[in-house]
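**Q** Structure below; questions to follow.
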Amino acid sequence: MPIQEKTRARDTCWLPEEGQGHRAEKVHISVVGNGFRLDTIKKVAQTYLPRIFADVDIVDAEFANVIVGTFADLGRSERVGHQEGYRIFADGSQLIIAGDTEFGVLYGFYEFLKKSQQGCPLLTMEAEDQPAMEVRMINHWDNLDGSVERGYAGKSLFFDNNAWAASDEEIVQYAEMLSSIGINALTINNVNVHAKETELITEKWLPQLAKVANLFDAYHITLFLSANFASPMTLGHLQTADPLDKRVVHWWKTQVEEIYKYIPTFGGFVIKADSEHRPGPFTYGRTHAQGANMLADALKPYGGVVFWRCFVYDCLQDWRDRSTDRAKAAYEHFAPLDGTFADNVILQIKNGPMDFQVREPVSPLFGALTQTNYVMELQITQEYTGQQIDVCYLPMQWQEIWSFDTHANGEGTKIADLLSSRQQDGKGKGVTAVSNIGNNQNWTGHPFAQANLYGYGQLAWNPEQCPRKIAEEWAKRTYAHLSAEVRQTICSILKRSWSVYEAYTAPLGVGWMVNTGHHYGPNVNGYEYSPWGTYHFSDRSGLGVDRTKTGSNYISQYKQPVAELYGNVATCPDELLLFFHHVPYTHMLKSGKTVIQHIYDAHFEGVEEVEAFLEAWEGQKEAMPDSLYMHVKERFEAQLANAREWRDQVNTYYYRMSGINDERGRTIYK
Ligand code: GCV
């Protein structure tokens, strides 16, 4: 797949494009009051409103038909009761966009922009809203050399050849995109902080990063940095990074003081420690709470926060040792430490117990922590879900995850509630996700992958939203210039894409049949006899991982009745069967098919669906610009080749292993 080079100004994605619409209504807008984000609103208004309305002007309040400001600045007594909330309403012949703070006003303005783009008449634009999640963060895995770990949209937006690469215009455009979907926090560098990247927290980089932080801050996006736990050794030339060593404590305090001298709005650190060869407190016999609290203490005077990742597991496992189960690791490491973390530490927990597979159960650590702050970490970049070659609309998956009932506080304790700030005294602080952005002109490689970023922001703001509706909204905003039929084709593909991807890859929740290293394409035994702890245990008589009492007993980490539901082969949902159980190929699923027949059928059907995607796309050829048509068509062709390879490898493997024929007599193996 050729990487599209950066040749001209980036796509605007869902924000209005030049010359998109010419609504006749006049928009004479007045932004009342002074403030950093209010200045931003003026800029956003000047850039985007003329792309929607023919007659746009920024005017004094008495001449305006759209008035923007905080309730206080507008001299009004109403309040939303949330610093990021807003209200849009008509007052006589004027439309008012107001919030309790300028953050709320900014989000209200974006809502106004969205409604304007969708053709909603001005004076009917009633809305009142506030975000469900307090933290709505994006994590870049960008390296200073310009590479992006698990990046599929070109090179880093920020760095190249160990220097800063982005222009201010690019940062502003990116900030606009993120802020328009409610993102309020950002890390720009990889959680794997290599030697060079440790320098980001030093004077060498801080003046540049101060400018960047300021550009993002104008859009109410707080800059964080990933830091290396052993920085006192790499940068400070100490012999240790022991979090209880006074010299180490002093080193971090001094370094943090330096950061805040340059960046007073700095958010804090994201830390990957004792994970996949990253240094951490275990080296010194310390706990993760001791490690995290030491950093939190250094950040506390400035209001900074530590996001401490729970992706801690043994990646040097002996594959013959069936008593060790990687799925158990995060809970085993962190649940016993509940209540020992400082209040400015936020644990960052991946959605599932393994690693962003197309299907995993929800991590049992959610709901287990009652006295420790946490966020959920998702992956927008499609490392295991098609790498932005295959289309895979992930909000379908996220919505299922967030609807999961943990039973943490009895029946009805859904993940979305736990993460939401609507929960009284809750410790869930929101959500973060690994970025799918790169320096490709369309930002995400596959243009449809933009829908994943869009959907992430929308769901973080309001997890109750239907992902199908979000897809429609995204398509309507992004492809306003194309026919309703094209948009419908795109949406119908998006809506099916996650289950299609699941169908032609690893079956029934077992995961990990991918090529090692780059993680694209099938390799049934790629990770099977490796130290990474990711097995499917297929043999002559069956497949799947026994995580019940007779196996690793991972299920005991769940609350009842979830543990019982998953632990009992009769009640375990089909789609997670092989994650929790080792069963014979002839095991009967709830669908009425045997496991082996399901494997065959799903893989044939998955490929047929991708063929249908391509055909549907080809049917719309005349209705869109050639460049878009060809770009997406090439990706569908690559996806189809990938899906066929998955089908052939998986079906052949299981035909040989089981010796059982496909009941429909299709050729599995020649
Ligand atoms: C940034 C997986 C990925 C790694 C990633 C790691 C993590 O193992 O393959 O590239 O490292 O997750 O989340 O830290």
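The values are calculated or read from the model by the stated rules, or taken from the named source; none is laboratory data. This one's a predicted model, so the numbers in the text were calculated from it and none came from an experiment. Virtual Cβ from ideal backbone geometry, glycine too; neighbours counted across all protein chains shown. Heads up: the accessible areas ignore ligands, DNA and RNA and are worked out on the full protein's heavy atoms, side chains in. Shrake-Rupley method; radii C 1.70, N 1.55, O 1.52, S 1.80 Å.
**Q** Using the Karplus curve 6.51 cos²θ - 1.76 cosθ + 1.60 with θ = phi - 60°, work out ³J(HN,Hα) for each residue of segment 52-61 in order, rounded to whole Hz, and write x for Gly and Pro.
**A** 3J(HN,Hα) across segment 52-61, in whole Hz: 10, 10, 6, 10, 10, 8, 9, 9, 6, 3.
**Q** Using a 1.4 Å probe over the heavy atoms of the protein chains, calculate the carbon and sulfur portion of the accessible area of the chain as a whole percent.
**A** C and S atoms contribute 48 percent here.
**Q** Once you keep just the Cα pairs under 8 angstrom separated by 6 or more residues, what percentage relative contact order results for the chain?
**A** That works out to 12 percent.
**Q** Send over a whole-number figure in Å² for the accessible area per residue of the chain, probe 1.4 Å.
**A** 37 Å²
**Q** I'd like the trypsin sites (Lys or Arg not before Pro) in segment 532-564 restricted to DSSP loop residues with at most 12 other Cβ atoms within 10 Å, sorted by number.
**A** Listed in order of number, the matching sites are ARG540, LYS549.
**Q** Something else now. Just the number, please: percent antiparallel of the DSSP beta bridges in the chain, rounded to the nearest 5.
**A** Of all bridge pairs located within the chain, approximately 25 percent are antiparallel.
**Q** Give me the percent of Cα-Cα pairs in the chain that sit more than 50 Å apart, rounded to a whole number.
**A** Details: 27012 of 224115 pairs.
Looking at the chain, the distances longer than 50 Å represent 12 percent of pairs.
**Q** Taking amide hydrogens as modeled 1.01 Å from N in the peptide plane, which residues meet the under 5 Å criterion relative to ALA185, leaving out close sequence neighbours?
**A** ARG136, ILE138, THR222
**Q** Under a straight-distance cross-link criterion of Cα-Cα below 19 Å, which aspartates and glutamates are reachable from LYS559, leaving out those fewer than 8 residues away in the same chain?
**A** Qualifying aspartates and glutamates at Cα under 19 Å: ASP325, GLU332, ASP338, GLU360, GLU400, ASP405, GLU411, ASP417, ASP546.
**Q** For the chain, which DSSP H helices look membrane-span-like by this rule: Cα extent along the axis of 27 Å or more and mean Kyte-Doolittle of at least -1.0?
**A** Span-like helices in the chain: 484-504, 595-618.
**Q** Here's something else I'd like to know. Which entries of LYS593/LYS633; LYS211/LYS350; LYS495/LYS633; LYS155/LYS196; LYS350/LYS469 have Cα-Cα distances beyond 24 Å here? Working shown, then result.
**A** On the way: LYS593/LYS633 34 Å; LYS211/LYS350 31 Å; LYS495/LYS633 18 Å; LYS155/LYS196 17 Å; LYS350/LYS469 26 Å.
Checking Cα-Cα distances, LYS593/LYS633; LYS211/LYS350; LYS350/LYS469 exceed 24 Å.
**Q** Further question: What relative contact order, as a whole-number percentage, does segment 189-239 give when Cα pairs under 8 Å and 6 or more residues apart are counted?
**A** Relative contact order comes out at 49 percent.
**Q** Let me ask you something else. If you take the C-alpha gyration tensor of segment 118-263, multiply each eigenvalue by 5 and take the square root, what semi-axes do you get, largest first, in whole Å?
**A** 34, 18, 14
**Q** Something else now. Cβ under 11 Å from GLN371's Cβ, GLN371 left aside: what net charge do those residues give with Lys, Arg +1 and Asp, Glu -1?
**A** Charge balance near GLN371 sits at -2.
**Q** Still on this model: Looking at segment 1-106, which trypsin sites (Lys or Arg not before Pro) are in a loop (DSSP not H, G, I, E or B) and have at most 11 other Cβ atoms within 10 Å?
**A** For trypsin sites (Lys or Arg not before Pro) across segment 1-106 that sit outside H, G, I, E and B with at most 11 neighbouring Cβ atoms in 10 Å, the list reads ARG8.
**Q** Counting only protein chains, not ligands or nucleic acids, how are VAL305, VAL500 ordered by accessible area (probe 1.4 Å), most first?
**A** Correct descending sequence by accessible area is VAL305, VAL500.
**Q** When a/c is below 1.5 the answer is rounded, else prolate if a/b is larger than b/c, else oblate, so apply that to segment 526-670 with a ≥ b ≥ c taken from the square roots of the Cα gyration tensor eigenvalues. Walk me through the intermediate numbers first.
**A** On the way: a/c = 2.27, a/b = 1.80, b/c = 1.26.
Prolate is the answer for segment 526-670, as a/c is 1.5 or above and a/b outweighs b/c.
**Q** Additional query: What is the Cα centroid distance between segment 51-94 and segment 407-477, reported in whole angstrom?
**A** Taking the Cα centre of each part, segment 51-94 and segment 407-477 sit 28 Å apart.
**Q** Within straight cross-link reach of LYS204, meaning Cα distance under 17 Å, which aspartates and glutamates are found once same-chain residues fewer than 8 apart are removed?
**A** ASP145, ASP160, GLU257, GLU258
**Q** Suppose the Debye formula is applied to equal point scatterers at every Cα of segment 23-129; what is log10 I(q)/I(0) at q = 0.12, 0.19 Å⁻¹?
**A** Summing over Cα pairs of segment 23-129 leads to -0.32, -0.87.
**Q** Using a 1.4 Å probe and counting only protein heavy atoms, arrange ARG309, ARG422 so the residue with the most accessible area comes first.
**A** ARG422, ARG309
**Q** Remind me, what semi-axes does segment 464-578 give for its equivalent ellipsoid, largest first in whole Å, using sqrt of 5 times each Cα gyration tensor eigenvalue? Write down the numbers at each step before the final one.
**A** On the way: eigenvalues 260, 84, 27 Å².
Semi-axes (√(5λ), whole Å): 36, 20, 12.
**Q** Still on this structure, please answer the following. Scaled to the compact-protein estimate 2.2 N^0.38 Å, what is the alpha-carbon radius of gyration of segment 135-478, rounded to two decimal places?
**A** 0.95
**Q** I would also like to ask the following. Multiplying the sequence separation of ARG320 and ALA612 by 0.36 nm and subtracting their Cα-Cα distance, what value in nm do you get?
**A** 100.9 nm
**Q** What fraction of the DSSP beta bridges in segment 135-478 is antiparallel, stated in percent and rounded to the nearest 5?
**A** Percent antiparallel among DSSP bridges in segment 135-478 is about 10.
**Q** Report, in debye and to the nearest 20, how large the dipole of the chain comes out about its Cα centre when Lys and Arg carry +1 and Asp and Glu carry -1 on their Cβ. If you can, show how the numbers build up before the last one.
**A** Details: 61 positive and 83 negative charges, 168 e Å.
Using only the charged Cβ atoms, the result is roughly 800 debye.
**Q** Also: Take every DSSP beta bridge whose two residues both sit in segment 23-129, then give the antiparallel share in percent to the nearest 5.
**A** 40 percent
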